[in-house]
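A quick write-up on the structure given underneath.
The values are calculated or read from the model by the stated rules, or taken from the named source; none is laboratory data. Quick caveat, the model's predicted, so the values are computed rather than measured. With ideal geometry, Cβ positions are generated from the backbone for all residues, glycine too; neighbour counts draw on all protein chains shown.
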Amino acid sequence: MSRLTVNGQPVHYRMDPETPLLWALREASNLTGAKFGCGTGHCGACTVHVDGNAVRSCRAPIGRLEGSFVVTIEGLSNDRSHPVQQAFAADTVPQCGFCIPGMIMAAAALVDRSDSLTDAQIDAGLTNLCRCGVYPRLREAIRRALRIKTGQETVAGAPPPGIAPEAAARSVPALRAEPRRRRGAQLQEN
């Protein structure tokens, strides 16, 4: 039986101590943001924070994490206000989205520890795999997240969870309907 704090809540897992944290989170806590990708710790789809460090949860037995503080993508920020979440939305980093929770968690661990990162530090600190190839946008999003964190930039990022679709369209410029042209080239708002 393992006791941890997950997203600020005390949790007592009554599971085999060798159970990977990924399965405890997904099966016992219903926190499904961390994904099962490879099971060997190589892909990073399962990345969460353990005591502030990015950890591949598929390779972390819960028995060895007794007393640890775990943060999942669901607990990173309730309103999507973390600089990395804002930058990923602003730079439209996600494609299929499968790897994105792990990417965000790995990037957040980097950004939370530093105000400035070189390309080499980003590459060394973010070894997650993406089959869609978001890497060019990923590196720029991390740079943007650092600027957001240090107050050098603000973005009109993602709307908070639970927002009605019609409100999201008003809140996010990219979701606004384009004016339609009528015959005679007059512009009409929808």
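Some points to look at:
- Residue satisfying condition, being assigned to a helix (DSSP H, G or I) and of a type in the set (Gly, Ala, Ser), within set ALA54, ALA120: ALA120
- The one condition in (1) under 24 Å from GLY125 (Cβ atoms); (2) aliphatic (A, V, I, L, M); (3) modelled with pLDDT of 95 or more that ALA24 fails to fulfil: (1)
- Residue match in region 99-107 (condition: outside any helix (DSSP H, G or I) and within 11 Å of the chain's Cα centre (by Cα)): yes
- Matching residues, region 45-55, being surrounded by 14 or more Cβ atoms within 10 Å (Cβ to Cβ) and more than 12 Å from the chain's Cα centre (by Cα): VAL50, VAL55
- Of all residues in region 24-44, those that are of a type in the set (A, V, I, L, M) and either crowded, with 23+ Cβ neighbours inside 10 Å or in contact with a Cys (Cβ under 8 Å, 6 or more places away or on another chain) (or both) total 3.
- When GLU74, GLU27, GLU18 are checked against the criterion of being part of a helix (DSSP H, G or I) and farther than 23 Å from ARG113 by Cα, GLU27 stands alone in meeting it.
- Annotation note: of ASP79, ASP112, ASP91, the sole residue that is touching a residue at least 40 places away in the same chain (Cβ under 8 Å), charged (D, E, K, R) and touching a helix residue (DSSP H, G or I) at 6+ places or on another chain (Cβ under 6 Å) is ASP91.
- Checking PRO161 against (1) modelled with pLDDT of 85 or more; (2) within 20 Å of the chain's Cα centre (by Cα), the condition it does not meet: (1)
- Screening SER2 against (1) within 20 Å of PRO101 (Cα to Cα); (2) surrounded by 14 or more Cβ atoms within 10 Å (Cβ to Cβ) leaves a single unmet condition, (1).
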